[in-house]
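These notes are about the structure you will find just below.
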Amino acid sequence: MTSLSSNTLSRWSTDELLCWVLRGTAAIVGTIVLLIVVFLILEALPALHHLGLLRFFTDPSWHPAEGLYNLTPMLWGTLFAMTGSVLIATPLGILSAIFCHYYAPLALARPYRRLIELLAGIPSVVYGFWGLVVLVPLIAEIQPPGPSLLAGILILTIMILPTIALMADASFANVPQQYLQGAAALGIPRWATIRNIVLPAAKSGLFTGVTLEIGRAIGETMAILMVSGNVVQTPSSLFDPIRTLTANIALEMAYALGDHRAALFVSGLVLMAVIIALAVSAEWITRGRMYG
């Protein structure tokens with residue numbers, strides 16, 4: 001009896017200790033995010049005070065030397081590149097995970113997963129270098145000048161594809177085997193089982209994967225900076241050069257001073273607002289069940 005009480009007390013102490021460690025970790029992560037937001041707001045305040053928020057969306061163009069700070073063309077470039085890449089990468093990633101999980105032989109599925117994991121680990125500058133040397137000249141043969149919104153979409157698609165493919169694969173692996181065994185016992189064909197049982201059961205993981213790939217597509221800097229042309233304009237076609245907000249920050253932060261420097265931090269705040277809006281939208285669409 002004494003031994004049982006001692007073991008129960010020890011287990012409770014371990015559980016409580018683990019609980020407090022997890023609470024502390026969560027508090028640290030939340031504090032870091034809040035500190036980043038506070039830092040962005042403090043650095044952006046001089047521009048918001050001198051220029052006002054509306055001028056970042058109503059000025060004729062982005063020419064900091066002339067006191068013009070319109071972020072709208074770069075915001076459209078960011079959203080177009082993100083939307084195009086997500087629309088291409090999401091079905092490709094989910095279908096590749098279905099193939100890997102339910103159709104590919106084991107001898108092929110294992111090296112295929114390793115290949116996808118390898119793609120996820122390649123540095124973005126390598127993708128950008130490949131895009132600049134291979135992709136941009138190919139697009140230039142179709143429609144000059146080559147560096148364009150299309151090049152940005154394609155390079156982002158390749159970069160975010162491993163994220164959605166690996167998340168979808170992990171989500172399919174977590175579908176209870178009883179569901180699949182029950183479907184097999186009823187004689188339901190494989191594709192009908194995937195469409196009517198597997199995909200609904202894995203939808204929370206799939207939504208998480210889409211959210212993560214959107215975050216990476218919006219935040220990517222180096223690769224899209226190298227292939228998109230860096231012209232501040234709202235694109236009217238896929239072959240027009242663009243500049244994204246992240247590329248603008250990377251290009252100009254080194255020499256920016258005064259309101260120009262503060263305006264770049266406003267760009268960061270706009271990006272943060274877009275990410276928050278997308279996360280809230282995803283939570284609303286899944287009715288708060290995105291994480292299960």
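Given labels modelled 7 Å from the Cα in the Cβ direction, how far is it in nm from residue 31 to residue 178?
Between residue 31 and residue 178, the label points sit 4.3 nm apart.
How big is the dipole moment of region 56-198 about its Cα centre under a simple scheme where the beta carbon of each Lys and Arg is +1, that of each Asp and Glu is -1, and everything else is neutral? Debye, nearest 20, please. Don't skip to the answer; put the middle values down first.
Working: 5 positive and 5 negative charges, 146 e Å.
That gives a dipole near 700 debye.
Quick check: pseudo-label points 7 Å beyond the Cα along Cα→Cβ at residue 143 and residue 252, how many nm apart are they?
For residue 143 paired with residue 252, the spin-label model returns 2.7 nm.
At 1.4 Å probe size, with the rest of the protein present, what percent of the exposed accessible area of region 59-126 is carbon and sulfur atoms?
Working: 2630 of 3520 Å².
Carbon and sulfur atoms account for 75 percent of the accessible area of region 59-126.
Express the carbon and sulfur contribution to the solvent-accessible surface of region 193-291 as a percent, rounded to the nearest whole number, probe 1.4 angstrom.
Details: 2960 of 4530 Å².
Percent of accessible area from carbon and sulfur atoms in region 193-291: 65.
Explain nothing, just the number: dipole magnitude of the chain about its Cα centre with +1 on each Lys and Arg Cβ and -1 on each Asp and Glu Cβ, in debye rounded to the nearest 20. List each step's numbers first, then the result.
Working: 14 positive and 14 negative charges, 198 e Å.
The dipole of the chain has a size of about 940 debye.
What does the C-alpha gyration tensor say about the overall shape of region 235-286? Classify as rounded when a/c is under 1.5, otherwise prolate if a/b is larger than b/c, or oblate.
Numbers: a/c = 3.74, a/b = 1.39, b/c = 2.69.
In terms of gyration-tensor shape, oblate.
I'd like the accessible area for residue 195, computed on protein heavy atoms only with a 1.4 Å probe and all protein chains in place. Round to 10 Å², please.
The value for residue 195 is about 130 Å².
Rounded to the nearest 500, what is the chain's calculated 222 nm mean residue ellipticity when only DSSP H runs of at least 4 contribute -39500 (n - 2.57) each, over all residues? Kindly include the intermediate steps, with their values, before the conclusion.
Working: 13 runs with 208 residues, N = 292.
Taken over the chain, the calculation gives -23500 deg cm²/dmol.
Using mean Cβ contacts within 10 Å as the protection proxy, how do 26-33, 265-272 order, highest first? If you can, show how the numbers build up before the last one.
On the way: 26-33: 9.9, 265-272: 20.8.
Per-residue mean Cβ counts within 10 Å order the peptides as 265-272, 26-33.
Give me the accessible area per residue for the chain, probe 1.4 Å, as a whole number in Å². List each step's numbers first, then the result.
Details: 16150 Å² over 292 residues.
Averaged over the residues of the chain, the accessible area is 55 Å².
Percentage of Cα-Cα pair distances in the chain greater than 31 Å, rounded to whole percent?
On the way: 19002 of 42486 pairs.
Percentage above 31 Å: 45.
Which of rounded, prolate, oblate describes region 50-153, given a ≥ b ≥ c as roots of the alpha-carbon gyration tensor eigenvalues and a/c under 1.5 marking rounded, otherwise prolate only if a/b is larger than b/c? Each step should come with its number before you reach the end.
Details: a/c = 3.02, a/b = 2.17, b/c = 1.39.
Prolate, because a/c is 1.5 or more and a/b exceeds b/c.
Take the alpha-carbon centre of region 34-102, take the same for region 218-234, and report the distance between them in whole Å.
11 Å
Between residue 285 and residue 13, what is 0.36 nm times their sequence separation minus the Cα-Cα distance? Round to one decimal in nm. List each step's numbers first, then the result.
Numbers: separation 272, 0.36 × 272 = 97.92 nm, distance 3.97 nm.
Contour length minus Cα-Cα distance gives 93.9 nm.
Filter the trypsin sites (Lys or Arg not before Pro) in region 214-292 down to the DSSP loop ones having no more than 12 other Cβ atoms within 10 Å, then list what survives. Mind dumping the intermediate values first?
Details: sites: 216, 243, 261, 287, 289; in loops: 243, 287, 289.
Sites meeting the loop and neighbour criteria: 287, 289.
How tilted is helix 203-219 with respect to the longest principal axis of the chain? Cα atoms for both, answer in degrees (0 to 90, nearest 10).
Its long axis makes an angle of about 30 degrees.
Taking the chain as a Gaussian network, where each spring joins two C-alpha atoms under 10 Å apart, which residue of 217, 140, 168 fluctuates the most?
In this elastic network of the chain, the residue with the biggest mean-square fluctuation among 217, 140, 168 is 140.
Could you state the angle between the C-alpha long axis of helix 72-98 and the longest principal axis of the C-alpha atoms of the chain, as a value from 0 to 90 degrees rounded to the nearest 10?
Compared with the principal axis, the helix lies near 30 degrees.
Connecting C-alpha atoms closer than 10 Å in a GNM of the chain, tell me which of 235, 73, 64 has the biggest fluctuation.
So, out of 235, 73, 64, the one fluctuating most is 64.
Give, as a single signed number, the net charge of other residues whose beta carbon lies under 12 Å from the beta carbon of residue 263, with Lys and Arg counted +1 and Asp and Glu -1. Provide the component values of the computation, followed by the final result.
Values: positive: 55, 261; negative: 43, 59, 252, 259.
Net charge in that neighbourhood comes out at -2.
State whether region 95-195 is rounded, prolate or oblate according to the following rule on the C-alpha gyration tensor (a ≥ b ≥ c being the square roots of its eigenvalues): a/c under 1.5 gives rounded; otherwise a/b larger than b/c gives prolate, and the remaining case gives oblate. All intermediate terms of the calculation are to be shown ahead of the outcome.
Working: a/c = 3.45, a/b = 2.50, b/c = 1.38.
Judged from the Cα gyration tensor, region 95-195 comes out prolate (a/c at least 1.5, a/b above b/c).
Along the charge dipole of region 1-151, which of 93, 137, 19 sits closest to the positive end, that is, farthest toward it, with unit charges on the beta carbon of Lys, Arg, Asp and Glu (+1, +1, -1, -1)?
19
The values are calculated or read from the model by the stated rules, or taken from the named source; none is laboratory data. All values reported here derive from a predicted model rather than from experimental measurement. Counting neighbours? That spans all protein chains shown, and the Cβs are built from the backbone with ideal geometry, glycine included. For the accessible areas, the whole protein counts, side chains as well, though only heavy atoms, and no ligand, DNA or RNA atoms are used. Shrake-Rupley method; radii C 1.70, N 1.55, O 1.52, S 1.80 Å.
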